[in-house]
Each structure stands twice: as structure tokens, then as C-alpha cells.
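Reading through the C-alpha cells given below for one structure.
The values are calculated or read from the model by the stated rules, or taken from the named source; none is laboratory data. Here the structure is a predicted model, which means the values were calculated and not measured. With ideal geometry, Cβ positions are generated from the backbone for all residues, glycine too; neighbour counts draw on all protein chains shown. Areas reflect the complete protein model, heavy atoms only, side chains present, ligands, DNA and RNA absent. Shrake-Rupley method; radii C 1.70, N 1.55, O 1.52, S 1.80 Å.
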Amino acid sequence: MASERDNDVKFLDIPSPPNVHGLDIGLKAKWGRGNQLYVFPSPSEATELVFELRRPQQQPQAQIHEVRWNTDMYSPITRKLVNESHNTFKALQKFGSEINETNRRTQLVKFSRRYRSVMKACVIDLQTSIDGTIDESEKQEFMGQVQLFEIIELIWSLCEILFIENLKGGAIMIHLLDWVKWHFTQPNELCQHALQEDNPENSSFYWDAIYSFVLQGRVGDARSLLALHSLKDTDTFTSIDELLRKMPIYADFSGLTLGEFDLKWRYWQEECARRLDDGDFGHQKNLETICKILCGEDQVFVDLCDLCQSWYQMVISKHLYTNPTVKAFDLQYHIQPCIDAFGGNSQLATLDNIIHAALEFDIHQVIKESSAQLSNWWFSAHITDLLHHAGQLDLQKLNFGSDLREFLLLEYSTSLMSHESLWQVGASYLNHCPEFGRAYLEHYVERIPLTTEKIAQKVLRLCEQQELYESARSICKVMGMKALQNGRLGSALSWCLKSKDSTFATYLSEKFLVEYTDRGDFSNLDIIDNLGPAMLLSNQLTFLGKYCEFHKMYADGDFKAAASLLLSLLTARLAPKSFWMVLLTDALPLLELDDVIFSSEQTYELMHILEEISLCDRLENVQAANEYKENKEDNKSESKNKAKLEVGKEKVELLKIGLARNLARAIVVEGNVQT
Amino acid sequence: MFLTQELILASSSSGNVSVYRHTCNQNLQKVEMEILWQGLHQNQGTPCSCTCITSRNNEIVSVGEDGRINVLDMNKNQPIRTIDKADSSTTNAVKFLKQCEIITVNSCGQLKTWDLRQHTNEPAKIFLLTGEQVPLNCVDKHPHQPHIVASGGQDGMLSIWDMRQERLPVTLLDAHSSDTWEVKFHESRPDNIFTCSEDGAVWHWNGSSMSSQPGKANVSNVLPLTSQHEESTASPWLASDASKHRIDITDLIPGNIMSVNSLDIENNTFLCGSDAEAVYIVSNLTIW
């Protein structure tokens, strides 16, 4: 829930299995991605030992609980905010890197306004949801979020005025008055109430509304309300009306310099003071109050503090009527008395603290307070980044996380990481953290759950972009293993080729070959057929590829090529020993063909290989016989072994006959050619 | 995708395919599930993603990460035909070429055509770019000339294939800098192709400015075109000029940073969805 942080320690109840032994079962935890922890009940080593001794079979059932925090940006409405502000952030980074002094301030203000409009849109969406929902708890949640975002927007717009726009003396006041007018709409409500009655002047809201308008510097509205009074034509009323009408308001384009405006204003205020002292408003207490406000008397502000609503509004009103050409930096002079009027420092809430810091131009304090008090990092991260680009932030090195801007960006992106799709946004922010961004990214990338291939591809793209080649390779390996466990050998092979992992390739080729010997044909022929140069990754793989090629050639009737390929596979010792017999058996039909395929040289080679195999076999048989004598295996395995031996012997016999015949024919043919 | 005016066909990453009915009753829109085929795609029991669906008349075909092709009928609960080991790697996309003939692309860079009338479980033809194993992500067929097929690959390459030729693609266009997620021909003006990619670019390829003369192929990596190309309806995509940079390419959403995963085009309105959890609509496109 988006709210101000509690200062209490949070507790979270994690259900654990019932306590079987009267011993406490502890908790262990492992980090997930960013703002995620996996917690599971697990006994410590000491208690584990006790379990073993007492009842080794009864191990408590383990359940893993996923704990996440800082997830208030995950709701569908705030996700829009996250995505849109991401766009603005990226545009700002791009702009920031172009060092172009002209129009810089205006552009930065534009960016600031973009952020604010996104916030405003979010607030509107939230309010629509509030109206649309009937569930009370949901309503509460939304209202909390609305409140939070309104506070954030308030602070942001104040920061925009004070820190980003480069405003001269008089112009600040105008902007601040606008700020007050748009964010604090109480006078409008009072006015509405007053106007609803038949006789507005008798309404209890009437004078309050007028005072509020004057305090906010909205003299036009005050005058129109006054004009509704029945006594409007009397002297006192016309006098106050005149004063209000003549109040100078600074405008950038009026052609007056600051000094000239100041002079004019002081002259006007002296006139107000004079009329007050003359007792012009003696009979009309209300009008006297108005005049006192215009003269900037301290006491009247304190008396009207309810209408000021908050001390910062009072500060602005006071400045309006004592020194309208105030510079931004001097705004802080009236702060303390206003705070006192509202109950002193002890009454200050978090929002007040932040605004206090802002008015005192203590940017670091603003950021510190808002990070500490607001429950998510969105505001702090973005405003810091904006102020950094505006050159207002002096980035000192912190004891942790390099400088302030980077620290906040890291925290913000961490809070996005455990979401199924927002991790992409988080990763994008990490790209702009020069010092630790890459390390964080490497760490997180390995933990993103690769539930579908599309996600795996996207993560791979990310790794390639950021040159995290190790992570890319490990992702390919993970996907390959997953495919293998699912029984998808072909898919595993294609991932293995991507990661260029030769050991895995060897392992997989062996699996393929085992499949072949079991089933008699290849599965996944479409991959193996078309390996191309990728088959050179490992020897086994090359063998597999070439062997398939052999079969293809054989099927196509290209016997000579097939034969030479087969021979080269055997002589190059590319084939694993276990497979030699299979290859020789494949050679058998070639030996039986009408045409002589194998030359005498080749036949000698084949015979040599056959001898080698027979030798190995005989050795194995001797060993097996010795083992049998020692272990006295049962009859079944003994008969199996015997059957195997028989088959093996038969094959060898056939091969010997075939090879001998072929040799004979080959010698004859070759002899003929020579002569 | 829309099956009929009211029915929507959807595939999910949990291996299911479902049909939803969309009703619009005086501004109140409702989407309700009507049919659900569960567990169509799984690996030894673990469900896996159903990557693409397509339909024609009343036949629906779905393909998934398990390399399986399922043929479904709206009136039956179970698939009427399953080709189990259709692909050894993930099948990424499927499209109907003609009635009873489908084409699929997979993660090994192969294009396979299947004749559903045959009862063998083997593809009728396999096309690929030899030497490469670049996964193909998407496929689309030319609306008027079903022998022309376009596919987008993981390296951002857009390839145009001629089904009547033997195995190699006819044209290779080096397009995006990252995966091409979807490619589509415009229904009524097939000289226009739309592609979208991981790097956020969405391009409108306008091939109508190229001459459609049958030409000698001096395009890279391609077999010489045979005399089959002397028809007057030869498409510009198969002509030699295609790779000589004379296509007009317009970026439809300039400045977009997040990946665009899918797109659709209908007359003059273009729609696409991106990873920024946003759907973009571009209307009033000029299509020549």
C-alpha cells in the first residue's frame, strides 16, 4: 500500500509446519531478485542433528514462502505510471547527454511537466477506480494512493518552481501564487457555499471566502464577492475596492523593472496603511481586517491561520504582502513564525518537513526526507535525476552505492525487479547507473525466471546489449538443461549450439547415439541433418553429424562416397569405441554389393579395426569370466551374457567373411587395372 | 485473433487454447470463455507455451514449444489430429498456406510445409538457409500469391521465400538490429509489409515503388530465378531490386524504446503492442 513509511519494525507471520518435536524450527532465507526473499522453515544444524537422532524419518515438510516488499508500484494503474515515466526518463537521459546550454532550462521544465502530467493522469485513473469499486478495502487502498500521489505532485511542483525554473525576483511570487491556487482550493469551496444562499453576505462563509481570496492574492475574485454586498456603494466599500483594484501585481512583460515595481508597490501599501490609520474602516470590522492583510500586519495573519490552512500558505501570503519581489532564497525568513502560529515544530508532519526543507533550499534534505518517509522510491529517484540534470545537485560520494543519484536509481530499479514484466524497465534504469549498474544487472539477470522461450530470448538480447556474455552463456545452458529434462533433445541441442558449450554437446551427442542404438533410427533428424559448421563444436557432435550424412548418402544410393565417409570416420577415430561395431555392421551391406566399393587398402583398414575390436572383446570376456567366478552371478545374467557373446561372435564371423571376399575381389579388380 | 465477428481465439503460455465470445450490448462489453482446450502443449506433463495459432474456415491449428502441431475443431473437445514430433526445437509460428496446407517456422531456422490431408507425420517440404541456425520467429504468406512467404528471424533479417523453388530464400533483407517478432503482409495491398522488432522499431515496407519486372537475380545467397518468373503478376518482393535499398521504409512509431511484440494491420489502421504495456494505434496510414 502506498503510504508513508511506518517507523515501527514490521512483522510478517510465516506459517510453518506443526512443531513435531517440541523443538523450535528456525527460518532460513535466500535472496530472490531485488526486493524478493525466499523464506523457508529450516532447522539450524544443532536441531537437525537432534532430528536425526530421534526420528530420522520424520523430517518436517518444507514450504518455500516468497516475501516481497516495495511492491506498491505493481498495481495496474501505477504500472502505467512506471512505464510512462520510464519513457520520460530515457528521453531526459538522451537530452542530458547533449550539452546544449541554450533553452536548457525550458527543456528541463518541459520534462518536469511531463512527469507531473503522468502523475496527474495516474491520480485521475485512481479516482475513477475509487468511484468504480464497491469493495471497501480496495477503496481505502486507492484513496491512500491518491493521497500519496497528490502529496508527491505538490512537492514536485514546488521543486520545479524553486529549483528548476530560473526565476527572477518578482516572478517567483507569481508562480507560487499559482501553485497555491491550483493545489489548495478551499476558497473556491467557501465561495460556492456562500453563493448558494439567498443572501450571500449573511452567510458564515462569505467573509471567510473573501479573506481566503485575499490571502491567496486573488484580488479579482475578492472584489467580485465584495460587489455582492448590499452596502457595496458605501464609502468604506468603495475605498477597499479601490485599494484592491490598485494593488500592483508583478508581470514579466509589463516593462517595469523590479525596482520600479517595488517602488510602486510600496507606495500602494503606504496608501493602505494611511487609510487604515485614518480609521476609514472603523465601522466595518471585516473590511478593516482586509486592509490589515493588505498592509501586511503580522497579527492578522496569525488570527486568520485557519483560513491559511497550512504554514507554507501563510509564508507565501505573508511574503505577498510584505515583500512581493522576494527572491527564492529569501522565502525562508518568514518560515519560523508561521510554523509557530500553527503549533510549533512538534506539530510538523512529514509533508511539512519536506516543504520546509524545500523552502530552505536544502535539496539534500528534501531528498533524504522523501526517501525516508515515502514508501516507494519513484519520487526520490526521478526528482534527483532531474535535479542532477538541472545542475542543482552536488553529487558527493556516499559511503554506499556511489553517489546519491545512482543510489536512488539502484533502489528504484531493485524495487521493480521481482515483477514478471517490469523487470525490463528496471534493467533499463540500471543501464544509467555508471558504477554499480552492470554488477546489479548481472546479478539479477541470472535470477529472472525463464518460463517460456520468448522470455529467455528477451533476456539474452538484454545480455548481448550489455555485453554480459557469461550470463548469456549460462542462460543458454539453463535452457538447454531444461529442454533435456523435458525430453526435448533437439531443442537442447539447439540451445547448446548457441552457448557453444562443447562438453554439453558431447553429452548430448552421446545421448543421441544411445537413442540410435536403442531404436535403430534417429529422432530429431531435421536438426542433425542441417548442423552445418556448428557440428565442429565437439568431436562427438561432428561424428553424429557425419554419421547422419552417411545414412543420407546411403539412402541416396551414393555408395562410394558413403563408403569413404564411413572409413574416414573409423580411421580418424572420430567414432567412440562402443560404436565401432555398429559402423562395421553398417559396412557389411556395402561389402556385399555387386560393385567393389572398398579398395584393398580400405579393406585392410577395416580388417585392422575388426581385429582391434575382437581383441577388446576378448579382454572384456576374460574380465567378465573372472568377475563371475568371484561373484557367482545368477543364471539369468549369465545366460544374457552368453547370448550377447554368441551374437557378437556371429557378427564378427560374418564381417570376417565379408571382408575376406571383398579383399579378394578388390585385389583382382586392382590387378586388372594395372595390367 | 478473431475467428468470426464474435469469437476470439487465444493461445496461452500455459499450453491452452481457448475461444472467447465477445458481446457488445449497449455499451456493455463482455468477453466470456466459450471453449477451452487444455494441456495441448506439454513436455512430459509439464505444460509449456503455445506459441502460435491460426485458423481457416473452421479448422484451427496450434503450435508450441514442444514442437507439436495440433489440429482442432470447434465442435470437439480433443484435437482431431496431433503431430507429435513435428519439430525437434520450438515451433514459433504457423500459417495456413492453402486449405489443408500449413507452414511452420522453428528455432533452427527451418521453414516446413505440411499437408494435413496426408497421414504421414513428416513435413512435405523443408526450407532453410544453410549454414545458419538462426531461429525464425514469425511467418506470413502473401494474400494473393500463396507461393510467396515472408519470415522474420532472430537476427532481424526479413526473408522472402518462394515455395515453388527449392530450399533457399529468394530475398534476404537486413532489417532490424534485433529479433523481428512479427511480419505481416497487408491484406489488400500486398506490396506493403509490416514488421516489428525487439529494438522498438516498427517498419512499414513499401515495395510498390519497385518495378515488378521479372529480373535476373543478383541478390546475395540466392539461386538464380528460373523462367517461372515471367508472369505479369510477379511480386516486387521476388524481384532483384528488393535488396538494392529501393524500398521505402517508414518508421511508424519513432522514438519508441521498448520492444514491440506483435502487430496487425487492417485497411488504414495499424495496431501494435509493446513491452511498455502499451498498445499503439496508428490510423490513416497511406498505403499505396
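Quick notes on this one:
- Among the residues of region A:99-148, the one identified as touching a Ser or Thr at 6+ places or on another chain (Cβ under 7 Å) and open to solvent by 80 Å² or more (accessible area, probe 1.4 Å) is A:114.
- Within region A:196-213, restricting attention to residues that are touching a residue at least 24 places away in the same chain (Cβ under 8 Å) and under 52 Å from the mean Cα position of the chain (by Cα), the residue that is surrounded by the most Cβ atoms within 10 Å (Cβ to Cβ) is A:210.
- One residue alone among B:70, B:106, B:121 is farther than 18 Å from residue A:530 by Cα, within 14 Å of another protein chain (Cβ to nearest Cβ) and of a type in the set (S, T, N, Q), and that residue is B:121.
- Screening residue A:91 with (1) more than 30 Å from residue A:317 (Cβ to Cβ); (2) buried (at least 18 other Cβ atoms within 10 Å of the Cβ); (3) not β-branched (Val, Ile, Thr) gives one miss only, at (2).
- Reported count of residues in region A:416-473, each being among the hydroxyl-bearing types (Ser, Thr, Tyr), in contact (Cβ under 8 Å) with a residue 40 or more places away in the chain and over 26 Å from residue B:16 (Cα atoms), is 3.
- Among the numbered conditions (1) touching a residue at least 12 places away in the same chain (Cβ under 8 Å); (2) under 28 Å from residue A:451 (Cβ atoms); (3) of a type outside the set (Ser, Thr, Tyr), the only one that residue B:45 does not meet is (1).
- Qualifying residue in region B:206-214 (condition: more than 14 Å from chain A (Cβ to nearest Cβ), more than 15 Å from residue B:137 (Cβ to Cβ) and modelled with pLDDT of 85 or more): no
- Top-ranked residue in region A:256-283 [being more than 58 Å from the chain's Cα centre (by Cα) and open to solvent by 50 Å² or more (accessible area, probe 1.4 Å); ranked as nearest to residue A:235 (Cα to Cα)]: A:280
- Filter result (closer than 19 Å to residue A:465 by Cα and among the acidic types (Asp, Glu)) within region B:180-204: B:198, B:199
- In region A:318-375, the qualifying residues are those that are among the acidic types (Asp, Glu) and open to solvent by 30 Å² or more (accessible area, probe 1.4 Å), and the one that is nearest to residue A:407 (Cα to Cα) is A:369.
- The helices (runs of 4 or more DSSP H) falling completely within region A:406-517 that include 2 or more residues that are away from chain B (no Cβ under 12 Å) and crowded, with 16+ Cβ neighbours inside 10 Å map to A:423-430, A:437-445, A:469-485.
- Region A:593-605: number of residues that are surrounded by 13 or more Cβ atoms within 10 Å (Cβ to Cβ) and either aliphatic (A, V, I, L, M) or not in a helix (DSSP H, G or I) (or both): 4
- For region A:524-583, the set of residues classified as over 26 Å from residue B:84 (Cα atoms) and among the basic types (Lys, Arg) consists of A:546, A:560, A:573, A:577, listed by residue number.
- Qualifying residues in region B:11-36 (those that are without any contact (Cβ under 8 Å) to a residue 24 or more places away in the chain and open to solvent by less than 50 Å² (accessible area, probe 1.4 Å)) - the one farthest from the chain's Cα centre (by Cα): B:23
- Total residues in region A:566-580, condition surrounded by fewer than 16 Cβ atoms within 10 Å (Cβ to Cβ) and closer than 20 Å to residue A:598 by Cα: 4
- Residues in region B:41-67 that are within 11 Å of chain A (Cβ to nearest Cβ) and acidic (Asp, Glu) were compared, and the one that is least open to solvent (accessible area, probe 1.4 Å) is B:66.
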